[in-house]
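*Asks:* Mind having a look at this structure? Questions to follow.
Just so it is clear, none of the values below were taken in a lab; they were calculated from the coordinates. In this text the structure is predicted, and so the values were computed from the model without any measurement. Backbone-built Cβ (ideal geometry, glycine too); neighbour counts: all protein chains shown.
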Amino acid sequence: MAAMTAHTSTSPLHVLEHVFGYTAFRGEQQAVVEHVTAGGDALVLMPTGGGKSLCYQVPALLRPGTAVVVSPLIALMQDQVSALQEAGVAAAYLNSSQAADESVTVERDLVGGRLDLLYVAPERLLTGRLLATLDRLHEAGRIALFAIDEAHCVSQWGHDFRPEYLQLSVLAERYAGVPRIALTATADAETREEIAQRLGLATARRFISSFDRPNIRYRMVDKDNPRNQLLAFIRDDHAGDAGIVYCLSRRKVEETAAWLEEQGIRALAYHAGMPQDVRAANQSRFLREDGLVMCATIAFGMGIDKPDVRFVAHLDLPRSIEGYYQETGRAGRDGLASQAWMAWGAQDIVQQRRMIDESEGSEDFKRRARARLDTLVGLVEATGCRRQHLLAHFGEGGEPCGNCDNCLEPPSTWDATDAARKALSGVFRTGQRFGAGHVIDVLRGELTDKVRDWEHDKVSTFGIGADVDEKTWRTLFRQLVARGFLAVDHDRHNALTLTDLARPLLRGETGFSLRLVPEKRRTKRTRSNRMEILDGVPLTLFDRLRAWRAATARERNVPAYVIFHDATLREIALARPASIEELAHISGIGDRKLEAYGTSIIVEIAREI
């Protein structure tokens, strides 16, 4: 396939419509595309499913030369290249999965100017051979741009850290004048700064989209026979759907997958301890087949470009709120209704703390890990809107969503205003220089060596909270931090400090409530996920289109979603286009796909009439 000729006179919207089949950009996409096309550097934070790939794929087709995309995962780059080729774009990849002759062919196409986009693993990019080739292309003005996907992998504090990402700063030093765009779906303020600094993007324009995923419903339940809870959740809401179940340990992954199989749920296992060929085979099946459930550790998922994952379930507490956001974000990439479900218990917190304490990380690393765990626990213990709470962590405000468990079924609470005021006073009276553990000792009147050494047995708050147990105090402090009444100073051993929000609470001008541990009760039934997605959609036609897509994908040896997303099939089933011209107006069908599949789709629709 010959590379498309870059035309600066062609508009981004023309490329979007005729190549990718969309009539309008979403959110910040157009601003990013125009900025990068004009030669600017960019740092893009956009939620999973928000269309990050188009932010560099469209400029790649508008600028002269080949765009080089750095991607950390072999499976991701293979699927993205397949999707681009289906859309008529000349794309290829270089990674360790290829035979030598395949790599040579790709390199020849690169040098010969026959590629629009080249996807490459970071370790492959940094080899002397490829850098020398890129040097020659750069001298000839034939590198369109560099895109660094999953840019949060550069963060040494994150669980997705990849050491080779630190070396990507070479792109700024070696290829002056070539625009660079770094993209990620998960980055708090601290990680953003780390990305900008380590990748030489300090002066790059930043595009920060809303982190909200309104199509995802967040549900968290107290553990009570979690396997059976999971099974009921899948059978009631997601029978026949693709989903991911995250577990903390490898053993639990394998046991859960086997158990689900015994219950009639098609399930696979994935963790880093499995043979590489088995992992690859299971991942390929999950991507290419409909309705599979993947039980996995966090080793699975980053960059998984499967749009029809209808649910993500956690049988154990994740390690951080960033991890939770990233993992749940793998649901509903196509924008259709999906769920994030989690079963958690107090033992999860104990286990996570023990893992942190026993890790080989530095004290600074452990301190930050504990703080991130506390922030996540604040989310699961929250009594208000889950989505509000989650977005607040990323610096966003908003109204209650009406689509999470706390909004749909408000929990029972107790008025903790008096205890909260005592907690804030305890932090103030001990000088705002200690962590929660020491302040709780003071409040409970515990005469520890540390309390005596600092003479905190003489402060007015000593012993005023002796009637409240330590577990409740810890829950209270987590919520005070999570809701912004207290801040954590990581550079001073997690010292708690009062924020401006604390003053009204201390003065009695506002209240504070905490969740009560619920009695066993059956969750109120809501409409199943499938009912929401297929509301008004002719079911027989939708299923027939999915069957046609599955057969076509098998023939072409690509994942089904590379042919069309569920959202596109849903729109076709609703609109029932009677001609190729009418079909061309369906979102997600570009010129190449219309030519390749248009007649077959019209035939399937005609069979239904």
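*Asks:* Given I464, S362, L84, which one lies farthest toward the positive end of the charge dipole of the chain, if we put +1 on the Cβ of every Lys and Arg and -1 on the Cβ of every Asp and Glu?
*Replies:* I464
*Asks:* From Cα pairs below 8 angstrom and at least 6 apart in sequence, can you work out the relative contact order of the range 12-208, rounded to a whole percent?
*Replies:* With pairs under 8 Å counted, the relative contact order is 30 percent.
*Asks:* HN-Hα J couplings of the range 455-465 from phi, Karplus 6.51/-1.76/1.60, θ = phi - 60°, integer Hz, Gly and Pro as x?
*Replies:* Once rounded to whole Hz, the list reads 6, 7, 6, 9, 7, 5, 8, 5, x, 6, x.
*Asks:* Per 20 Å bin from zero, what fraction in whole % of the C-alpha pairs of the chain is there, up to the bin with the longest pair?
*Replies:* That works out to 18, 49, 27, 5, 0, in percent per bin.
*Asks:* Here is a further query. Determine how many Å³ per residue the convex hull of the Cα atoms of the range 1-134 encloses.
*Replies:* 114 Å³
*Asks:* Quick one: check the C-alpha center-to-center distance for the range 210-229 versus the range 535-609, whole angstrom.
*Replies:* Value for the Cα centre distance between the two parts: 31 Å.
*Asks:* Now for a different question. Would you list, by chain and number, the aspartates and glutamates whose Cα falls below 20 Å from the Cα of K458, excluding same-chain residues fewer than 8 positions away?
*Replies:* By straight Cα distance, K458 reaches D441, E446, D449, D467.
*Asks:* Determine the alpha carbon to alpha carbon distance for each of K52/K306; K366/K422; K306/K366; K252/K366; K223/K306 and list only those over 23 Å.
*Replies:* With Cα atoms farther than 23 Å apart: K366/K422; K306/K366; K252/K366; K223/K306.
*Asks:* Using 0.36 nm per residue, how much length does the chain from A258 to R607 gain when fully extended, once their Cα-Cα distance is taken away?
*Replies:* Full extension from A258 to R607 adds 121.7 nm.
*Asks:* Hey, another quick one. Each label point is 7 Å from the Cα along the Cα-to-Cβ direction; what then is the distance between the points at D135 and E470, in nm?
*Replies:* Simple spin-label model gives 6.2 nm for this pair.
*Asks:* List the residues whose amide H sits under 5 Å from the amide H of M342, counting only those 5 or more places along or on another chain, with H placed 1.01 Å from N in the peptide plane.
*Replies:* It is R219, M220, V221, H314, by chain and number.
*Asks:* Go through the range 341-381 and name the trypsin sites (Lys or Arg not before Pro) that are in a DSSP coil and have 11 or fewer other Cβ atoms within 10 Å of their Cβ.
*Replies:* Nothing satisfies the criteria.
*Asks:* Among S209, L199, H238, flag the residue with its Cα farthest along the positive direction of the charge dipole of the range 198-242, charges on Cβ as +1 for Lys/Arg and -1 for Asp/Glu.
*Replies:* Of the listed residues, the answer is L199.
*Asks:* Explain nothing, just the number: relative contact order of the chain, from Cα pairs under 8 Å at least 6 residues apart, as a whole percent.
*Replies:* That works out to 14 percent.
*Asks:* Nearest 20 debye, what's the magnitude of the dipole of the range 1-116 about its Cα centre given +1 on Lys and Arg Cβ and -1 on Asp and Glu Cβ? Walk me through the intermediate numbers first.
*Replies:* On the way: 5 positive and 11 negative charges, 35 e Å.
The calculated dipole for the range 1-116 is roughly 160 debye.
*Asks:* For the chain, build the charge dipole from Cβ charges (+1 Lys, Arg; -1 Asp, Glu) around the Cα centre, then report which of Q30, H152, W473 sits farthest towards its positive end.
*Replies:* W473
*Asks:* Summing -39500 (n - 2.57) over the DSSP H runs of n ≥ 4 in the chain and dividing by its residue number, what mean residue ellipticity at 222 nm do you reach, to the nearest 500 deg cm²/dmol?
*Replies:* The helix-only estimate for the chain comes to -13000 deg cm²/dmol at 222 nm.
*Asks:* Something else: Take every DSSP beta bridge with both residues inside the chain and express the antiparallel ones as a percent of the total, to the nearest 5.
*Replies:* For the chain, the DSSP antiparallel bridge percentage is about 10.
*Asks:* Here is a further query. Given Cβ point charges of +1 (Lys, Arg) and -1 (Asp, Glu) and nothing else, what value in debye, to the nearest 20, does the dipole of the chain about its Cα centre take?
*Replies:* 580 debye
*Asks:* Suppose a student asked you for the relative contact order of the range 410-500, using Cα pairs under 8 Å spaced at least 6 residues apart; what percent would you report?
*Replies:* Working: 114 pairs, mean separation 29.4, N = 91.
Over the range 410-500, the number comes to 32 percent.
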